[in-house]
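The values are calculated or read from the model by the stated rules, or taken from the named source; none is laboratory data. In this text the structure is predicted, and so the values were computed from the model without any measurement. As a convention, Cβ positions derive from the backbone with ideal geometry for all residues, glycine included, and neighbour counts pool all protein chains shown. SASA here: full protein model, heavy atoms, side chains in, ligands and nucleic acids out. Shrake-Rupley method; radii C 1.70, N 1.55, O 1.52, S 1.80 Å.
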Amino acid sequence: MTNLDQPKAKFFGSIGGYVALIALSTLFYELSLIRILDILWYPHFSYMVITLALLGFGIAGVVTSVLAERFVWRQSLALLLTLALAASYVGVFVLLSVFKVDFISFKSISILALRVFTAFSGLLVPFFLSGLILSLIFTEYAERFGRLYAWDLAGASLGCILVPLLIPAFGGPGLLFAVAGLTLVGAVLLLNEQRFKVPLLLLAVFTTAWPFIGKGHRDYLEIPFHMDKRGIISLTKQAPLLTVWDRISRIDLIRYSDLFTWIAYDGGTQTSYFYDFDGDYQKLRQDLPQHSNRHFWGRFVFASDWLKEGTGAKVLIIGAAGGQETKAAVAFGASEVDAVELVGSVIRLGKEKYAIEPYTNPKVNAVQGEGRSFLRASHKSYDIIQMMSNHTSASIASGSGAVSPNYLQTVEAYKEYFGHLTANGVLHINHHVYPKMLLTAARAWQELGRKDFTRHVLIYYSAAWANLPTLLIKMSPWTQEEFDRVDSLMHSKFKLIHNPLKPEMDGIAPDFFTGHLSPELEAKIPYRIEVPTDDRPFFNHLRKHLGPVSSKNPYVDRAVKILLNDSIKQGVPMDVIHLIVTAGAALVLAMVCLFGPLLFSATGRAKWDGKPAFIAYFSCLGAGFITIELIFIQFFQKLVGYPLYTYAGVVFAFLLAAGVGSWLCDTFALSQKRLARLLPFVGIPLCGILLILLKEPLLNFFLQWPTAIRILATVVLIFPLGIFMGMPFALGIAGSRNKGRGAVGWAWAVNGLCTVLGSVLSVVAAIYVGFTVTIFAAFLLYMLAGFLLPRFAELN
């Protein structure tokens, strides 16, 4: 006999923990799968995991809605479903190990589509099973939905913080066994007989421990690479020196040549090097610039240090990685260097395990952190601020969803860089698409009230390093002596794009130096050139249309061609395929979630007042919740700094607070109070608007505190809004119980559908109108839901 076979009153006291564990395992699996696919595929493909989760939940809701009236509920079925769910998590490990999807090398788009469909179908199974378990329980115990949903949200909130805590020990694939073990513990909660509990607990322990038992001589239990990104498959045939699953990225150290060790981020998505160096800086300096490639990617790495040699410069490196820029700063006589790197394991490996120069140098302060957060918390001024194509490749780390934001390339970012430079300081950036970089920096310069930007900018370009043009911006105008100094280093290997002393000689339109392009000029540029801001931080969103751009256009250099044209495979732009697939999945889900219950469910076929309002209500909740959650992740990144910690903190706060709101609805029977049930639909926009208005002063106040305090402040600030956001779903379910047993499953399905749609549309809206306008649209959705609730939910 299982606990589920007990009378409801007795059973309800123990089911909460079971629901929490199933919800915990679901979000745990979702985040683990995103991290795994970051490595096996690319970050923007792994975004589709969110779509899969909601698609699985939507289908489960439809199945529940259709079967609710016909199916005789046997509560012991939950035990079998739970065991199947645990097995499915292990099955995903097997599937990804033997069935590869290669987005680089494929024979035809139809074969790729078939392989993607097959892989996604397998990855969907755990989401479907967990969604089915939860929707069946919610249907059976609909009269206590508020409290059960609170347990669900509380469990999910714990799941989102467990993944970053456990991934360094288990590795991404190992988390699949950890979540299977957690699910088996959930099965134990369903059992009464002790003789079954002990074997199941032992199986849970063994399953959880398998990543450590089965890894053999390797650092982790791993899934073979699917794609040969930067040749990583061939290079790892000989065992890598070391593999580390950092909370931000997976790091593989591979001996690449006699000169350096390759630092492969996320299976080769990004790269850096630990160059061999004996610590003799005098000998290194004598080798430069003639033998630059023995020690650096090229001479462009130390262009600003070359300029400032002998001045005892104070230097900030944002994205220190393998330490090339830091080593150059020390070699050219910097007095102190702050080297900031988001992936802490790279710093620790260089500083502790391998004791690599420059990270052991007393002049170097190497820290884990996010560049802008480090700057905002610092009162120092620098002679050089340097960035080398700095961004993270992990999708959870960016917390972004479909399109990755880049907060290091916005108007506000450049203002902060300029504000932390000395009077003669220089900003040194190597990053792709220099026209957009130049335009963004010019806008920041103009908004600061500064003039004659053209006299402060020096740009070099090389086809060999097309993705890393060199942009040097000095706070004081360039002098002939300074220009000659840099040009003596660069002219033999790089093309001079802009000479600040002879601006009329280059081909850059003067508009670029004002920060504002004329509509005519903007129309001539075949990619998106809009200036990114913190409200619209999508620097890398360049594509205007799905086709290729003409390489004959004067504004299309090799970097743009690589980004836009080379990403098109057999007519399909792989950089936006995730949005296309998600939109397609949403359409399929719409057909299933809307017409499945209407045609096959007794609740859907029955005539009852308010059916359109019922569908629209749960649609508003799904789209509104995901939009607010995704945008607040972006808002609070400025405070927390670490993208992954921001994601975990914001999602944890929303889910836990929403659980409290759901519990309050049930405890105080708000669904039966005419005015009280409208409280959240007023509270959400009021709390949200107040938080937005106070956001900047509050964030600036908390920036001075340690990271743990900033995360706590994030949770506290979000919590009141989250409580209100947890109420509407519980109120809607309470108001629709009398519509038939299938109503709960149908609401679950429609909510999942519109969460998918909301996640896509919120990103698209943010690109075109910004985060602020998009979040106000989400507040309006909740106000519309408040208008719809009385039209189907009658007071008893």
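Going by amide H atoms built from the backbone, whose H comes under 5 Å of the H on residue 322, apart from near neighbours?
The answer is 273.
Taking the Cα centre of segment 588-679 as origin, work out the dipole magnitude from +1 charges on Lys and Arg Cβ and -1 charges on Asp and Glu Cβ, in debye rounded to 20. Please report the intermediate quantities before stating the final value.
Working: 7 positive and 3 negative charges, 62 e Å.
It comes to approximately 300 debye.
Enter the Cα centre distance for the pair segment 410-458 and segment 717-796, rounded to the nearest angstrom.
With segment 410-458 and segment 717-796 each reduced to a Cα centre, they are spaced 42 Å.
Protein chains only, probe 1.4 Å: how do 561, 237 rank by accessible area, largest first?
Details: 561 80, 237 165 Å².
If we order 561, 237 from most to least accessible, we get 237, 561.
Note the listed values (1) 91, 88, 61; (2) 87, 58, 52; (3) 99, 71, 49, then indicate which one is Cα extents along the principal axes in Å calculated from this particular structure.
Read-out taken from this structure: (2).
What is segment 309-455 by shape, rounded, prolate or oblate, if you read a ≥ b ≥ c off the alpha carbon gyration tensor as root eigenvalues and call it rounded for a/c under 1.5, prolate for a/b larger than b/c, and oblate otherwise?
Numbers: a/c = 2.10, a/b = 1.19, b/c = 1.76.
Judged from the Cα gyration tensor, segment 309-455 comes out oblate (a/c at least 1.5, b/c at or above a/b).
Pick out, in residue order, every one of the trypsin sites (Lys or Arg not before Pro) in segment 441-509 that is DSSP loop and has at most 10 other C-beta atoms within 10 Å; say none if there are none.
Of the trypsin sites (Lys or Arg not before Pro), the ones in loops of segment 441-509 whose Cβ has at most 10 other Cβ atoms within 10 Å are 451.
Can you tell which of 248, 166, 80 lies farthest toward the positive end of the dipole of the chain, using +1 and -1 charges on the Cβ of basic and acidic side chains (Lys, Arg; Asp, Glu)?
The listed residue farthest towards the positive side: 80.
Per residue of segment 247-262, what does 6.51 cos²θ - 1.76 cosθ + 1.60 with θ = phi - 60° give for ³J(HN,Hα)? Whole Hz please, x for Gly and Pro, Karplus curve as stated.
5, 9, 9, 7, 10, 10, 9, 10, 6, 9, 7, 6, 9, 7, 9, 7
Taking H as built 1.01 Å from N, whose amide H comes closer than 5 Å to the amide H of residue 497, not counting residues under 5 places away?
Long-range HN contacts for residue 497: 459, 460, 461.
Using mean Cβ contacts within 10 Å as the protection proxy, how do 281-289, 764-772 order, highest first?
On the way: 281-289: 14.4, 764-772: 17.4.
Peptide ranking by packing, descending: 764-772, 281-289.
Could you tell me which chymotrypsin sites (Phe, Trp or Tyr not before Pro) in segment 77-117 are loop residues by DSSP with no more than 12 other beta carbons within 10 angstrom of their beta carbon? Kindly include the intermediate steps, with their values, before the conclusion.
Values: sites: 89, 93, 99, 103, 106, 117; in loops: 99, 103, 106.
Taking segment 77-117 and a limit of 12 other Cβ atoms within 10 Å, the loop chymotrypsin sites (Phe, Trp or Tyr not before Pro) found are 99.
Only Lys, Arg, Asp and Glu count, each charged at its Cβ (+1, +1, -1, -1), so figure out the dipole size of the chain about its Cα centre, rounded to 20 debye. Working shown, then result.
Working: 67 positive and 54 negative charges, 332 e Å.
That gives a dipole near 1600 debye.
In segment 605-676, what trypsin sites (Lys or Arg not before Pro) fall in a loop by DSSP, with at most 10 other Cβ atoms inside 10 Å? Working shown, then result.
Values: sites: 605, 607, 638, 673, 674; in loops: 607, 673, 674.
The qualifying sites are 607, 674.
Name the long-range amide H neighbours of residue 533: under 5 Å, sequence gap of 5 or more, or other chain; modelled H, no Pro or chain starts.
Under 5 Å from the amide H of residue 533 lie the amide H atoms of 411, 538, each far enough along the sequence or on another chain.
In debye to the nearest 20, how big a dipole does segment 284-379 give about its Cα centre with +1 on each Lys and Arg Cβ and -1 on each Asp and Glu Cβ?
Details: 12 positive and 10 negative charges, 6 e Å.
It comes to approximately 40 debye.
Where the accessible area of segment 279-335 is counted over protein heavy atoms with a 1.4 Å probe, how much of it, in %, is carbon and sulfur?
Working: 760 of 1790 Å².
Within segment 279-335, the accessible surface is 42 percent carbon and sulfur.
Could you point to the residue in 146, 421, 706 farthest towards the positive end of the chain's charge dipole, with +1 and -1 charges on the Cβ of Lys/Arg and Asp/Glu respectively?
146
Taking the Cα centre of the chain as the origin and placing charges on Cβ (Lys, Arg +1; Asp, Glu -1), which of 56, 670, 387 is farthest toward the positive end of the dipole?
670
Give the accessible surface of segment 54-167 per residue, rounded to a whole number of Å², with probe radius 1.4 Å and ligands, DNA and RNA excluded. List each step's numbers first, then the result.
Values: 4370 Å² over 114 residues.
Normalised by residue count, the accessible surface of segment 54-167 is 38 Å².
Using only alpha carbon pairs under 8 Å that are at least six residues apart, calculate the relative contact order of the chain and give it in whole percent.
Numbers: 1448 pairs, mean separation 131.0, N = 796.
16 percent.
State the antiparallel share, in %, of DSSP beta bridges confined to the chain, rounding to the nearest 5. The partial results should precede the final answer.
Values: 32 of 52 bridges.
Roughly 60 percent of the beta bridges in the chain run antiparallel, per DSSP.
Checking the cross-link filter: which aspartates and glutamates have an alpha carbon closer than 18 Å to that of residue 215, excluding same-chain neighbours under 8 positions apart?
Partners within reach: 246, 252.
How much accessible area per residue does segment 229-382 have, counting only protein heavy atoms and a probe of 1.4 Å, in square angstrom? Write down the numbers at each step before the final one.
Details: 5660 Å² over 154 residues.
Roughly 37 Å² per residue, with all protein chains present.
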